[in-house]
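All remarks here apply to the structure that follows.
The values are calculated or read from the model by the stated rules, or taken from the named source; none is laboratory data. Since the structure is predicted, the reported quantities are computational estimates derived from the model, not experimental observations. Heads up, the Cβs are rebuilt from the backbone with ideal geometry, glycines too, and the neighbour counts pull from every protein chain shown. Only protein heavy atoms, including side chains, enter the accessible area calculation; ligands, DNA and RNA are left aside. Shrake-Rupley method; radii C 1.70, N 1.55, O 1.52, S 1.80 Å.
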Amino acid sequence: MQDLLSPLWLASYLAFTASGSAIFLSIQRGYYHKIRLTEEDEEPVTKFDHERDMTVPFSDYHRLPRLTFGTVALVLWSVWTCYTVASTAGVEADSVLATVFYLVSWLYALALVLVARRYPFPSQWGFAINAHLCFFYAVAWLVSLRYFWVALNEQADASWVRVLPWVLSWALISDMLYTTLTISRGQPFLDSEHHRRVLAIDVASIFDYFTFNYLTVLVKTAYGKGKLEDADLPILPPIFRGRNLFYCFAQHRKPSASLLFRIYRANRPAIMCQIALAFITSGLFYAPAFFMNRLLNLIQAIHQGLPDDEALRTGIVITVGLGAFTMLLQFLVAQLWYYAGSVMQVRIKAMLNIEVYRKTVRRMDMAIASSNIKDEDDDDDKKDEKEDDKNGASSTGTIVNLMSTDSNRISEFSTWWFSILAAPTELCVGIFFLYQLLGVSCFLGLLVMVVSLPINHFTTKFFSKSQDELMKARDKRVNLMNEILQGIRQIKFFAWESNWEARVHEARAVDLHHLRNSYIADVIFTFLWIGSPMLVTIASFFFYTKVEGHVLTAPVAFTAITIFNELRFALNVIPEVIIEALQAMISIRRIDQYLGEPEIEDRLPVDVNEPVRIGFTNATVGFKQAATQEGDSGFVIKDLNITFPNDKLSVVCGATGSGKTLLLLSLLGESVLQSGEAHFPRVPIADTVTDDYVLDASIKEEDWILSHSVAYVAQTAWLQNASIKDNILFGLPFVEKRYNDTLFACSLVKDLAALEDGDMTEIGEKGITLSGGQKARVALARAVYSRAGIVLMDDVLSAVDAHTARHIYDNCLTGPLMNGRTRILVTHHVRLCLGATSMLVHIHEGRSDLVGSPDELRQSGKLASILEEEKDQEIDDDEQDAIESSSSSDQTVAGNDSQPSAEKKKSPRVLVEEESRATGRMVGGFFFWCLFISIILGARGLDIMEGQWIKIWARSTEQASLASAKFTSLMTTSLSSPMYFPSDSQDGGHVDDDVTYYLTVYALIIGANIVVGTLRFAVIFVGCVRASKTLYNLMLARVLRAPLRFFDTTPVGRILNRFAKDIETIDSSIPNDFTNFLINWIQVASSIVVVGFVIPMFAVPMIIVALVNIAVGVMFVYTSRELRRMDSVSRSPLFSHFTETIVGITTIRAFGATRRFLQEMIVRTDTNSRPYMLVWLVNRWVSIRYGFMGTCISSISSLVVLLNIHRLDAAQAGFFLSFILLYSDQMFWAIRRYTTLEMSFNAVERVVEFMEMDQEVDNPTVTPPANWPSAGAIEIQDLQVRYAEDLDLILKGINASIQPGEKIGIVGKTGCGKSTLTLAIFRFLEYVGDSKITIDGVDISQVPLHDLRSRLTIIPQDPILFSGTLRSNMAPFSEFSDADILEAFQRVNLIHPSSSTSAANSVQGSQDQPVNQNIFDNLDSPITEGGHNLSQGQRQLLCLARALLKRTKVVIMDEATSSVDFETDKTIQNTIRSELDNCTILCVAHRLHTVIDYDRILVLDAGQVAEFESPWQLINNNESTFYGMCRKSGEFESLYQAAKAKHELVDSL
């Protein structure tokens, strides 16, 4: 040891440092030069900031003069020393060589200083030189410290003239080290987009960088304000920003490159740093044990006679070494976890999220493509899963899980994957130290660990299998809950709450079964974690003492226990990291598989100079690739030869389910072109992003329309969760005149005037604040306002009433805003649109059987097969006047609305409230908590008893050794002493008995500790399973019975998050977090008590340190809590944007808005990454401060032991130090566990919040008869309802009397309260005042809700289907037979009688054979999520068939056939008349033809009854509202004849 501190070695250290610095600096120079050349040749992948905040004072003037002065002075001192040594005779060669090394080293430092003067800060190269100088000065400081120590101690008699140069050199080096350590690199950067300060990582000084001091301002801000705002957070450094990550990850996007390889290449520098730090820290983990062993050996030597002066000097060296290496370890571990958490995790998570989103905007929508028909049953679940994988149809929930779960799992694994390398290294170093201590005895102990590996392996496999099964069970349960929430209206309408609740309970039972298995594996892991090192210790001590006959001393015992505890982590982390690696690989495979799913065809850039061509040439289109051999190629349309005229209106029509939507999607490139050609100007999907992307602020009116631009209106309106205005603008600048004209053209003026906040009304998730017609018109307005010269519209007229449809046709489809634009309209309203139609396309059974202009088709006689009757739509003068009057009225409103009033400028009402935070409460019985706390305290008591017993054992052997030495000396003077019994065998037996005694007691303590320590987790697991089950069941029951308004104002994602993430947290995180929280705080408190018991005076500094730690911890808790809150808050918009994109990707691609949405995704990713990254950095901030305080208390405790050496033996010192060395880590983890537990308990609070929500009012006082309602008589008396207490009345005193079996049509303008009336009959809305509805004389407000809703039938406006099969949707609880279901399909015209089908097939030729198989013939035909593999009309017909099966006396239809063709509608109405002849029917309809032959018409206007008479009476009353509606519909004559026929039929009866 002394040789390593000789002058030659010390000078060599400095010379080696200079040589290494020179080599590394040359490599750095080459690297910087290469980067500079790359930046000059091509645009760099990563864009860095250049603008700085000049308001921050900064100066580099003092640094270089100080460094120059100090270095020159030391060079001169080295020259003088070299000259003195060389001129002195008889000097040893080592001394000469040492001075030469010293001189050369300082000359190198001088050269660096001189070069640095050319690169003053903020030069990046200047900082690199400064870092090299800092490292050189640090080594020189340690060398000079050694000389300074020698001058003060070993040369105490030397004159001050000889000592002064060493003191001055140490002072100069200290100053230069301080200067290079604390100088920052320059002013903070400002980002180019927001001009806000960037996180100061790239400008922090070396000291601030390693201590994370640049976060102190943020921590103080959070602590001072109590909360953080977005403006308080700095901007991410460039390497963490979404734009740079997008391009960095895209560099290696190749077909042959796996996702894992791309992750590695994109993060290679951070991975290399992790590897290097992992290897270094693996050895340094044993430094505290090494120095503790040296200190205990020193104490033992002192008690054996070592001189105090020598012992004190050695002790001080040990103490300084302990502090220095502990602090070094803290710095390196902090950097290791900085790269792991703040760099790797943040970057990988953002990269994966952006990459998954990029794939989403390019991926073909596979929901419809998965509508294949299974020809044979397949009961094997595994085959089903393989079939699903092969189809590649990832559901919306599965895709969202890729971001919410899989990317998170991969990024979390990236934080500690290095344990695969670190653990074996740590094992090797630990075994080496153990061999030095125990010799071969350590291998016997390690053999116990090896024996436990098979158990560990078995448990790992069991745990991995349990986790896989648990994840599958959770996915199924969450998907089930998602479908329930999506279809909650349907479930409530049919009173299926209890049935679906039972189904969820079954899924939850499977979930809990696998959760229990995972808990069992966790308990076994805990047993091995606690038991392995203890059993290893017993085995090693047994072999060391009993077999080898060694004496167990305190240095050996306490050091061995410390090393065994460290080895415990190394051994146990290997199987754990393997499990996590397997799970991460599963997630990587899932994302990789998703990234490999089919994409839409690459689109060439549009040449705006080429003429627009729209159509097909010999095309066959479908949702799947053409079958290469006999098999299913999905739904297709064959032999398309169509050329749509430019700047004209074209109409596509056909029966429900014929393929009209497929035709539009094929133009957009959203389907598979199996053969032929499709011509359409499709906008390429964006694959580039910028950090300064902005939209055009103003566009000239003459340049507004772009001939090659496209707009698309989907059949199911897609709207964003934003205001109505933002949805219409869709990223375009606001032009007031065009905007107001658009509102008028789409008949939105009166609707917006009726809304409290006008066009600033927040639409909400899925547009729940608007009616179906309003949603369709807002989506249409988006296309009308757009710059598109080509507008594709899919059945936009079906959701509006006849008057509104006529208005849209006159003022929108053929109005001034659409003139000169190419319009392709899918519709059933052919007669309405025929006048302005240039081309008519009719789709029938997979072919375009009729194509041509209306005149051509009329002349050939083919138009008659399309129209209901061959008749020109001539409008008489009165009808025209009515339409013009209505239009002028609307225009007047539009004009009045063009200037917003002051009242309208108030803040719009917030529909979706921010997520609130509730307060939780403890669950569990008194006995449970007493048992649990007792076990926790007992386990800690056994820990202390273990150390105490080792102290007693070691002290006894030490005292025996001293007594033996004294006894031997006494033998030489008095051999005749009566106290002496010379018997070796008896002495040996006595010593052996003592060892056996100590070993036995120690084994009993260890065994009890293992059992009790394991019981801690077993008990909490049992309690948490029970609590979680109870919480889940209660929350499920409350949610299913919540008012409908709750689901309208609460996003589905938020509700689903309670059942998914929050329940998962309660299941998986809270048990461990809560137990570890108690364990760590009890350890902290008990450590203070034990230390105070051993050295009472040291309890005071322990308490002071604890208080300082708590003060720092409180600051950390405030900051961490706020950052986690902001992380959670910013995560919701990220997922909302992603979910919106998935649902509306077809519309987004059609509009060419993929780049804007991709930019928005990157912005939201950055917004989420900022608090997410800062959470990890703040953890490092507090850990380095706790590490510093821990280092101080360890060093001080070592000095205290040295100062109390005469009253402490080695055993007591070892017992004392074993608690001190762990105290800092215990304190740090106690604070960390508190913050983690606080965040985990937020999940409990959110669940409890849902358990306290309002419920539907259900206070029944009447039990209706079993056959109620038997007649169907309905009495409505003064019905007044509102959607919420703070909203206006929707229905304002409705009075109506409906006779049994009567057919009532309910009509009125959009928003008049038609659907609200149906909701009121089902008691989804609470009545106001004396409102009353009776059915067969029974007040429905007194009837149980389940009885009411189960005895009525409704066919809702929005058809809801669940994933599964046709059978599972028609009879979800197996209540109907297959024959009944097929019969219902036949009644609603979904299938045809086999006889008629066969007859038709015999007549038709091969050319007329159906191209596509009817999926409704097979009840095993799959239905995708939401029923998206069926058309809107088919979904409506399925819901109608489901209603026919139910067969109740009262049937309510809310726009049940709005999306089906007129012929099918007629057939259905005939079916309703025949099948439901004895039923009371209330039918809400926009198509007046649907209800014109009903018994009476209820006309609503502004929530009141305007008219309630027979159709014949109303249509003959020129003053009636219904008469005006018929006139405005453009179909007055046909309506009049239908009403007349109904009247004559009634008269004849």
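Sorted by average packing, counted as other Cβ atoms within 10 angstrom per residue and highest first, what order do 1471-1478, 537-544 take?
Listed from highest to lowest mean packing, they are 537-544, 1471-1478.
Excluding Glu426 itself, what net charge comes from residues whose Cβ is under 12 Å from its Cβ, given Lys and Arg +1 and Asp and Glu -1?
0
If you put +1 on each Lys and Arg Cβ and -1 on each Asp and Glu Cβ, how big is the dipole of the stretch 183-277 around its Cα centre, in Debye rounded to 20?
Roughly 420 debye, rounded to the nearest 20.
Taking 2.2 N^0.38 Å as the expected size of a compact globular protein, what ratio does the Cα radius of gyration of the stretch 1245-1404 give against it, to two decimals?
1.36
Based on Cβ point charges of +1 for Lys and Arg and -1 for Asp and Glu, what charge dipole magnitude is obtained for the chain about its Cα centre, in debye rounded to the nearest 20?
The dipole magnitude comes to about 4860 debye.
Between Gln593, Thr562, Ser123, whose Cα lies farthest towards the positive end of the dipole of the chain when Lys and Arg beta carbons carry +1 and Asp and Glu beta carbons carry -1, centred on the Cα centre?
Most positive-ward Cα: Thr562.
Relative to a virtual label point 7 Å from the Cα of Ala1541 in the Cα→beta-carbon direction, which members of the stretch 1483-1512 show backbone nitrogen distances below 11 Å?
From the stretch 1483-1512, the list is 1493.
Shape of the stretch 169-275 from its Cα gyration tensor (a ≥ b ≥ c, root eigenvalues): rounded if a/c is under 1.5, otherwise prolate when a/b > b/c, or oblate?
Note, shape of the stretch 169-275 comes out oblate.
How much accessible surface does Tyr1118 have with a 1.4 Å probe, in Å² rounded to 10?
80 Å²
Just how far, in whole angstrom, is the stretch 1013-1063 from the stretch 656-727 if you go by their alpha carbon centroids?
With the stretch 656-727 and the stretch 1013-1063 each reduced to a Cα centre, they are spaced 41 Å.
Can you bin the stretch 649-726 into rounded, prolate or oblate? Criterion: square roots of the alpha carbon gyration tensor eigenvalues sorted a ≥ b ≥ c, rounded for a/c under 1.5, prolate for a/b above b/c, oblate for the rest.
prolate
Write down the Kirkwood hydrodynamic radius of the stretch 1133-1190, to one decimal in angstroms, obtained as one divided by the mean of 1/r over all alpha carbon pairs.
13.8 Å
Of Ile935, Ile1103, which has the most accessible area with a 1.4 Å probe, and how do the rest follow in descending order?
Of Ile935, Ile1103, the descending order of accessible area is Ile1103, Ile935.
Specify the angular offset, from 0 to 90 degrees and rounded to the nearest 10, of the alpha carbon long axis of helix 1432-1446 from the longest principal axis of the alpha carbons in the chain.
Tilt of helix 1432-1446: around 80 degrees.
Gap in Å between the Cα centre of the stretch 1495-1537 and the Cα centre of the stretch 1272-1307?
Taking the Cα centre of each part, the stretch 1272-1307 and the stretch 1495-1537 sit 18 Å apart.
Just round it to a whole percent: the fraction of Cα-Cα distances in the chain exceeding 48 Å.
51 percent
Out of all DSSP beta bridges in the chain, what portion is antiparallel? Express it as a percent rounded to 5.
For the chain, the DSSP antiparallel bridge percentage is about 50.
Taking 7 Å along the Cα-to-C-beta vector as the label spot, tell me the Phe48-Asp1288 distance in nanometres, rounded to one decimal.
Placing both labels 7 Å along Cα→Cβ, they lie 6.1 nm apart.
What does the extension gain come out to for Ser59 and Arg1156, with contour length at 0.36 nm per residue minus their alpha carbon separation?
My answer for the length gained is 390.7 nm.
Which of the pairs Lys700/Lys1309; Lys624/Lys1446; Lys624/Lys725; Lys624/Lys1314; Lys492/Lys1292 have their Cα atoms more than 29 Å apart in this structure?
Over 29 Å Cα-Cα: Lys700/Lys1309; Lys624/Lys1446; Lys624/Lys725; Lys624/Lys1314.
Under a 5 Å amide H to amide H cut-off, with H placed in plane at 1.01 Å, what residues pair with Val791 once short-range neighbours are removed?
When sequence neighbours closer than 5 places are left aside, the close amide H contacts are Ala711, Thr822, Arg823, Ile824.
Any idea of Thr742's accessible area? Nearest 10 Å², probe 1.4 Å.
Surface open to solvent at Thr742 totals about 0 Å².
Placing unit charges on C-beta atoms (Lys and Arg positive, Asp and Glu negative, everything else neutral), compute the dipole magnitude of the stretch 1122-1215 about its Cα centre in debye, rounded to 20.
That gives the stretch 1122-1215 a dipole magnitude of about 240 debye.
Label Ile23 and Tyr435 with points 7 Å out from Cα along Cα→Cβ: what is the distance between them in nm?
Between Ile23 and Tyr435, the label points sit 2.8 nm apart.
Taking a point 7 angstrom from the Cα of Val547 along the C-beta vector, which residues in the stretch 431-450 have backbone N less than 15 Å away?
Taking a point 7 Å out along Cα→Cβ of Val547, the residues of the stretch 431-450 whose backbone N falls under 15 Å are 435, 438-450.
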